[in-house]
Every structure is written in C-alpha cells, then in structure tokens.
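Presented below is the structure to which this report refers.
The values are calculated or read from the model by the stated rules, or taken from the named source; none is laboratory data. What you are looking at is a predicted structure, and each value in this text was computed from that prediction instead of being measured. FYI the Cβ positions are ideal-geometry reconstructions off the backbone, even for glycines, and counts take in every protein chain you see.
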Amino acid sequence: MSFVPPRAVLDRLRPEGPLLKALAAACCLVITVLSLLPGNERPHTGFSGNIEHVVAYAGTACFVALALRRPSLPVLVIAFSAASAFFEICQIWIPGRSAGFDNWFASTLGALIGVSSARYIVLPRLSAWLARR
C-alpha cells in the first residue's frame, strides 16, 4: 500500500494554487537577501559555502519548477545561473563578501539538481497522487 497525502494537502500543492507560488517567491527572496547581505551579517550553517549554494539553489529551483511548469528545464537553469552570476558580481562591492566562480558553479549545479528533481521525480509523483483523488 502506498502513501497518498490527504486531499487538503494535495489541493494546496496544485500549481494553480497559491501555496507553491508563494513558497517559490519566498525562496527566491531569501536567496536574494542572503546573497546581498554583508559578510558579517550573513548567517552561516557551518558547511562550506559551496554546499550552502547547492542546497539553497536546489530547493529554490525545485519550488520554482513546480510552481512554474511552462518554462523548460534549460530556461529555468539558465535563469538561476544568470541570477547567481549577477549576485556574485554584486558581491565585489559588498563588505565582507567576495565573488567566486566556484560559488556560481555550485549555485548553477544546485539549480540543475532542483529543476531536474522537480520535473522528473516530484512532479510525476505529485501528478500520480492527484490522479488518484
């Protein structure tokens, strides 16, 4: 017997519903704020910066790919990669921050992981659950 989430949860996860779009927007806002904060004000997890980038961009890209199904995988990954490059360039002028190719690459890799996971793992499962209801 497989697990099927309750109807109320599934209804909120529909892409036309506001929950996924709100989560996607909130994640994008968090990445923007954290990317532009001065170094001494930015919270640290204790993991390497590149791990933080991969996780943050994977999670955000996953929510965005679920909320916005129209853009293709390459378009979403390129958009996140461009945003990451923009943030890295901005960090040149932010006290306590420095731009890094490795951070840009980690962010782009995270976006690829997040969008791919959403499109090829989460979305098919979610669609199957919704079809059962």
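Structural remarks
- Any chance T32 is modelled with pLDDT of 95 or more, among the polar types (S, T, N, Q) and farther than 23 Å from R119 by Cβ: yes
- Search result, residues across segment 114-128 that are out of contact with any Phe, Trp or Tyr (no Cβ under 9 Å at 6 or more places or on another chain) and either touching a residue at least 60 places away in the same chain (Cβ under 8 Å) or buried (at least 17 other Cβ atoms within 10 Å of the Cβ) (or both): S116, S117, R119, V122, L126
- Residue within segment 79-99 that is in contact (Cβ under 8 Å) with a residue 12 or more places away in the chain, among the β-branched types (V, I, T) and part of a helix (DSSP H, G or I) present: no
Each row is one residue, and each column tells you yes or no for (1) within 14 Å of N50 (Cα to Cα); (2) surrounded by 16 or more Cβ atoms within 10 Å (Cβ to Cβ).
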{"site": "F80", "(1), (2)": "no, yes"}
{"site": "S84", "(1), (2)": "yes, yes"}
{"site": "P95", "(1), (2)": "no, no"}
{"site": "G100", "(1), (2)": "yes, no"}
{"site": "L112", "(1), (2)": "no, yes"}
{"site": "L130", "(1), (2)": "no, no"}
